[in-house]
Amino acid sequence: MRLYIIRHADPDYPNNTLTPAGHLEAAALARRLAGHGLDLICASPLPRAEITARYSADLLKLPVITHDWLAEVVGWSTGPDPIEGGFIPAWDIPGEELRANPAYHVWDTWDATAPFHRPIYRDTVSEFQAESDAFLAGLGYVREGNRYRVTGANEKQVACFCHNGTALLWLSLLLHIPPPLVWSSFWHAPSAVSTVLFEQRSADFAVPRALSVGDTSHLYESRLPVQPRGIRGNYR
């Protein structure tokens, strides 16, 4: 099975929809995904994700199945954001800070170390892991520790449209990399796609393996710019 974890297209946050650029991105993405022959399309219930998904669903003539657990992670805010206002989400903390503290690099200590020691971090991860496990079990992959017992091997192509924070959290859990290392190492541009293969090398188990992370080749093919939303460094 291949799982496509996709961030919504360029958002118009104030109006809870997509920008004109976002609609172009979603259409380009749909053309790309149509070539994969998707079997299942799921989405966060938030409009920016559901609207993005519907472009692909309409082209492939598939329904969009919404899952509340694919909505953006909430409550993971840290210090004030001096540039954009509000608060900086955990996945936007400067990488230089996350890389400097070895406690963030270990599963047993990352959520016991400030500012991630608040119960909301551990609770959110636990709840998200449970939802992910139930979803994947329904597709034939039952988690046992950090690998998945195969109960129904398949060649399905499954697309899940979600958000930057959600996508990074899911990759962290699937690839067994502590979230702060994922946050400091990866980013999903609007409409970016991460492809995870449930690689099966025995009759019993499969292991999630990233074939690509944050891919935006559909934008380049359609000659659309990559929108730098959610990246705060020297992106050009």
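Given the criterion free of Cβ contacts under 8 Å to residues at least 40 places away in the same chain and surrounded by 15 or more Cβ atoms within 10 Å (Cβ to Cβ), identify the matching residue among Ser172, Ser126, Ser194, Ser184. First the steps, then the outcome.
Numbers: Ser126 fails: surrounded by 15 or more Cβ atoms within 10 Å (Cβ to Cβ); Ser194 fails: free of Cβ contacts under 8 Å to residues at least 40 places away in the same chain; Ser184 fails: free of Cβ contacts under 8 Å to residues at least 40 places away in the same chain.
Result of the check over Ser172, Ser126, Ser194, Ser184: Ser172.
Applying the selection to the range 19-33, what residues are of a type in the set (A, V, I, L, M, F, W, C) and either assigned to a loop (DSSP other than H, G, I, E, B) or in contact with a Ser or Thr (Cβ under 7 Å, 6 or more places away or on another chain) (or both)?
Of everything in the range 19-33, those that are of a type in the set (A, V, I, L, M, F, W, C) and either assigned to a loop (DSSP other than H, G, I, E, B) or in contact with a Ser or Thr (Cβ under 7 Å, 6 or more places away or on another chain) (or both) turn out to be Ala26, Ala28, Leu29, Ala30, Leu33.
Looking at the range 143-167 only, could you name the residues that are of a type in the set (A, V, I, L, M), farther than 14 Å from Trp69 by Cα and crowded, with 17+ Cβ neighbours inside 10 Å? Break it down into steps so the answer makes sense when it comes.
From the range 143-167, those of a type in the set (A, V, I, L, M) are 150, 153, 158-159, 167; that's our starting set.
Now restrict to residues that are farther than 14 Å from Trp69 by Cα: 150, 153, 158-159.
Within the range 143-167, Val150, Val158, Ala159 qualify.
Within the range 203-214, does at least one residue satisfy the condition of being surrounded by 15 or more Cβ atoms within 10 Å (Cβ to Cβ) and charged (D, E, K, R)?
Narrowing the range 203-214 to residues surrounded by 15 or more Cβ atoms within 10 Å (Cβ to Cβ): 205-208, 210, 213-214.
Among the residues that remain, those that are also charged (D, E, K, R) are: none.
Within the range 203-214 (the criterion being surrounded by 15 or more Cβ atoms within 10 Å (Cβ to Cβ) and charged (D, E, K, R)), the answer is no, since none of the residues qualifies.
Please work out which one of (1) of a type in the set (Gly, Ala, Ser); (2) over 26 Å from Glu199 (Cβ atoms); (3) crowded, with 17+ Cβ neighbours inside 10 Å is the condition Gly95 fails and give its number.
Unmet for Gly95, out of (1) of a type in the set (Gly, Ala, Ser); (2) over 26 Å from Glu199 (Cβ atoms); (3) crowded, with 17+ Cβ neighbours inside 10 Å: (3).
Check Leu139 against each of (1) hydrophobic (A, V, I, L, M, F, W, C); (2) in contact (Cβ under 8 Å) with a residue 24 or more places away in the chain; (3) in a helix (DSSP H, G or I) and name the one condition it does not meet.
(3)
Here is a list: Ala153, Ala159. Which entry is over 17 Å from Phe128 (Cβ atoms) and part of a loop (DSSP other than H, G, I, E, B)? Write out each step before concluding.
On the way: Ala159 fails: part of a loop (DSSP other than H, G, I, E, B).
One residue alone meets the criteria, Ala153.
Residue by residue, here is whether (1) farther than 30 Å from Arg122 by Cβ; (2) surrounded by fewer than 16 Cβ atoms within 10 Å (Cβ to Cβ) holds:
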{"position": "Leu33", "(1), (2)": "yes, no"}
{"position": "Leu38", "(1), (2)": "yes, no"}
{"position": "Leu46", "(1), (2)": "no, no"}
{"position": "Tyr55", "(1), (2)": "yes, no"}
{"position": "Asp68", "(1), (2)": "no, yes"}
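Bear in mind that the values in this text are calculations on the coordinates, not laboratory data. Since the structure is predicted, the reported quantities are computational estimates derived from the model, not experimental observations. Cβ sites come from the backbone with ideal geometry, for glycine too, and all protein chains shown count toward neighbours.
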